[in-house]
Amino acid sequence: MRSIPMVNKLISIFFICFFLIYTHQVCAQDQNIADSLSKIYETKNYKDSTILPLLKDLCYNEVRDNKKALQYANELITLSRQTNSLKYLRAGYFLKGTKLRMLGQLDPALASFITSIELAKQQKNLRAEGDGYSSIADIYSVANNHSTAGFYYRQAIQTLRKSNDSLSLAAALSNAGDDLLKVRIFDTAMQYFSEAKAIYEARDYGSGIGYSLGNIGVVYANTGNLYEAEKNIGQAISILEENHDYYPICDYLISFSDVYEEKGRIQDAIQYAARSLSLAQQYNLNEQVANASKKLSSLYEKNNNLKESLHFYKMYVQYRDSLNNLETVQKMADLRTGFEVSQKQGEVNILTSQKLTQRNLLIASVLIAALALGIIVVLIKSNRHKKQSFIVLTAQKKQTEIEKTKAETALSELTKTQKQLVQSAKLASLGELTAGIAHEIQNPLNFINNFSELNTELINEATQEIENGNVDALKLLLADITDNEQKINQHGKRADAIVKGMLQHSRSSGGVKEPTDINALFDEYLRLSYHGLRARDKSFNATIKTDFDASIGKLTVLPQELGRVILNLLTNAFYVVDEKNKEKSKHTKEGINISGEKYEPTVTIATHKIPSADGGGAEIIITDNGNGIPEQILDKIFQPFFTTKPTGQGTGLGLSMSYDIITKGHGGELKVETEIGKGTKFIITLPG
Amino acid sequence: MKILVVDDEVDVKDLFLQRFRKEIKNEEMQFVFAYSGEEALTYMHEHEHEAVLILSDINMPGMSGLELLKHIKTKYEKPPPVVMMITAYGDDENYNEAMKLGADDFLTKPVDFNNLKEKLKTKL
């Protein structure tokens, strides 16, 4: 069963084709015009000043050879750029977009339309800007990306409302409504179609009114209002009959048949399908004959009239071959949706057409339709193979585009996830710190509380000694009070530093480089990481050795970032020595041995000054006596997400983050030296 | 009566000396200090059965307070000294572990010295 939106899409496409044919008399797309213009162009029989309009018309009318048309568009762009003719430059990009679209190159087509929009904006040409949006929307609509298509249609409609160009607006509204039908947003579609209809009525543009009525009818049919549907489609059919436009009538009739079939009114459905068939046969519309006969076949089958069903199935098969060829044309037309007719031409056409008599119009229309049909037949015959390969290529192209979009989406998802993971790695290391922080804060608080209580006692005693007149005792007490005050102050600052460090650690961005006493920084993080681990694992134990070179002084670094590196490296070091320790004690089954005979987990952090002309940098070495890193994974350890820890215990981002912080953040180096069974050394080199 | 205080925080010494200055002055109590579990064991080795009460922090670099506790309670001749644990982590896990290993009491930081004084007096 054909879906109604699909029918409507075809109608919409045909509407555009019809529009082009109808406006032929002035300067609509016409291969004959292109052929004669190309003679002028090739013989260089033109004035220099007319080259730009000539190229524009040539490109516009060249519908047979899209590659050639694309060349014209590129030439138009180059020449108008040289002569700084912005109007033609814009037209050039717009035409390039339409030609690329016809060639199935949707991405570059989008790029061209975007450029044309930019130029239109600069030139404050609202009509051209709106047409650009519309064209982009058409591409997305054909590619079934309806949310993006909807966005651009809204842009187009919004922009065109501001321009004085009601016909462009009506066309955008019609196509936007058509796109909405596909995603079954009927209320907005109805608004668009109604507005388009009102515009066409105001401009007295019969076919436009006919299509709008038909579209409105389809919306009613979809929303279950069959009475209104029939009324509107009935009017549409009579208007389109006046205009000898039978193709869409056939489709409307089929969509009616669909609606009745859905309602279970098979007899009515058959009636509409039969009407469609007879009309299609009358005007030799092969695709419509095939559609209607297929529809009738399935309807009769439902009615258990197998004889009739078979009869229409045979008819369907008979027309299927020619249908395949028509589909080729259809595909090309599909890529041709949009507004090739510039609005100015549209305006002139309407004015001109109003002046013509009805009779002239009819004759002209029939002649042109016949001419167009002739061209199509010739095209089918001469380009059959070419077109079939074009179908395949278009399908492949489309598939490639879909795959590309999928890959791009996956990539952006991955990038997003990676960013989240980096943030969560930072938070995880904050979690590792929290326990250490709790411990580190309780200790200074212990001193602050107790020394301040002591001072209160001491002050009372001092008051007592004053009364006793014992100056020596008073002096001793005051000295104690002073000492205690200093201790309170010192531990208060310690707590402050811890909280600040914690806040800085949780910050996602790097912060500012500042002169930092890196020995003090490392000492602080050493304590935090050690106590953090101790808090989580009671059995954890390691000897820490420090060898700080005091001559390093202050280095300009990102303190919290560098702290994060040290934290990562130390956490890893503690982890490996602990692993080795657990392994050893498993084998020996010994209790605690304090004499140091067996394995003693040891982590060393050492700093050295590297003297140089510009003040000198520093080398920081973190050594553990764990099991070392096997050679086969040594080149992987700085890769993101690489971890040897059990699932859930490591993010695999610690070392890669550290590597980035040292190399990218500080212009330094992070190297590793390891020996199996003996341990590992991480060497950080920071420039001065 | 000698009390051995084990903590890696250096200022603990000043704190205890001041907090217990009256008791020290009256020679009710005597304090010695060790800054690690290892140091505490060494002291106890050298001054056997001198310290009758040990106050130990749990989180220290190297040997932890719990290991020290275990060592004292398993290796020392009866009666082993009274061991009270002091920690910044007042969590159940630490508490249960300390009790399992035979701790005589469990205190959390910040230390309430009035409370501690009373406890010391009853324990001794």
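Data for the structure
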item	result
Sites A:Gln464 and A:Lys545 - FRET efficiency at Förster radius 51 Å, r taken between beta-carbons, to 0.05	0.55
Other protein chain Cβ atoms within 10 Å, averaged over every residue that makes up B:12-24	3
Under the Karplus curve 6.51 cos²θ - 1.76 cosθ + 1.60, θ = phi - 60°, whole-Hz ³J(HN,Hα) for the stretch A:561-574, x wherever Gly or Pro sits	5, 5, x, 5, 4, 4, 4, 4, 5, 5, 4, 4, 4, 4
Entries in A:Lys96/A:Lys124; A:Lys231/A:Lys295; A:Lys584/B:Lys109; A:Lys68/A:Lys381 that, when Cα-Cα distance is taken, lie over 29 Å	A:Lys584/B:Lys109
For the stretch A:662-675, Karplus couplings with θ = phi - 60° (6.51, -1.76, 1.60), whole Hz, Gly/Pro x	6, 7, 7, x, 10, x, x, 10, 10, 10, 10, 10, 9, 9
Net +/- balance of residues flanking A:Ser293 in space, Cβ distance below 12 Å, scoring K and R +1, D and E -1	+2
Whole-Hz couplings from phi, Karplus 6.51/-1.76/1.60, listed for the stretch A:490-500; x for Gly and Pro	5, 6, x, 5, 4, 4, 4, 4, 5, 5, 4
Prolate/oblate/rounded call for the stretch A:149-243, Cα gyration tensor, a/c under 1.5 rounded	oblate
Test item: B:109-118 mean partner chain Cβ contacts at 10 Å	3
Inter-part distance where the stretch A:106-135 and the stretch B:66-88 are each reduced to a Cα centre, Å	83
A:Tyr246, A:Tyr227 arranged by Cβ crowding within 10 Å, fewest neighbours leading	A:Tyr227, A:Tyr246
Proximal aspartates and glutamates relative to A:Lys406, as straight alpha-carbon distance under 17 Å, when same-chain residues fewer than 8 apart are discounted	A:Asp107
Environment charge of A:Val672, counting only residues whose C-beta is closer than 12 Å and scoring Lys/Arg +1, Asp/Glu -1	-3
Amide proton proximity set for A:Val557, modelled H, under 5 Å, gap of 5+	A:Glu514, A:Thr516
Inter-chain Cβ neighbour average for residues B:58-65, partner chain, 10 Å	6
Per-peptide average of other Cβ atoms within 10 Å, ordering A:277-284, A:66-73 highest first	A:66-73, A:277-284
Efficiency of FRET from Cβ geometry, A:Asn144 and A:Gln639, R₀ 45 Å, rounded to 0.05	0.70
Cut-off under 5 Å, modelled amide H: who pairs with A:Thr543 long-range	A:Thr602, A:Val603
Neighbour-count order for B:Arg21, A:Arg184, fewest beta carbons within 10 angstrom listed first	A:Arg184, B:Arg21
Percentage relative contact order, the stretch A:92-134, counting C-alpha pairs under 8 Å, at least six apart	34
Surrounding net charge for A:Lys538, when Lys and Arg each add one and Asp and Glu each subtract one, Cβ distance under 15 Å	-3
Mean separation of Cα contacts under 8 Å (6+ apart) over length of the stretch B:30-124, as relative contact order %	24
Relative contact order of the stretch A:111-218, defined on C-alpha pairs under 8 angstrom at six or more residues apart (%)	19
Simple Cβ-charge dipole of chain B, Lys/Arg +1 and Asp/Glu -1, about Cα centre, in debye nearest 20	500
Fewest-first sequence of A:Thr680, A:Thr674 by Cβ atoms within 10 Å of each Cβ	A:Thr674, A:Thr680
18 Å Cα-Cα threshold exceeded, pairs from A:Lys582/A:Lys678; A:Lys598/A:Lys671; A:Lys263/A:Lys302; B:Lys22/B:Lys119	A:Lys598/A:Lys671
Prolate/oblate/rounded call for chain B, Cα gyration tensor, a/c under 1.5 rounded	rounded
Two-site label geometry, A:Val366 and A:Gln191: point separation in nm, points 7 Å out along Cα→Cβ	4.4
Hydrodynamic radius (Kirkwood) for the stretch A:66-216, which is based on Cα pairs only, to one decimal in Å	15.8
Helix-only CD estimate at 222 nm, as mean residue ellipticity for chain B, using -39500 (n - 2.57) per DSSP H run (n ≥ 4)	-12500 deg cm²/dmol
Förster-model FRET efficiency, 56 Å R0, A:Val317 and A:Glu413, C-beta, rounded to 0.05	0.75
Residues whose placed amide H lies under 5 Å from that of A:Leu653, excluding near-sequence neighbours	A:Phe641
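The numbers here are math on the coordinates, done by the rules we state, and not lab data. This structure is a prediction, so every number in the text was calculated from the model and none was measured. Note that we place each Cβ from the backbone using ideal geometry, even for glycine, and neighbour counts take in every protein chain shown.
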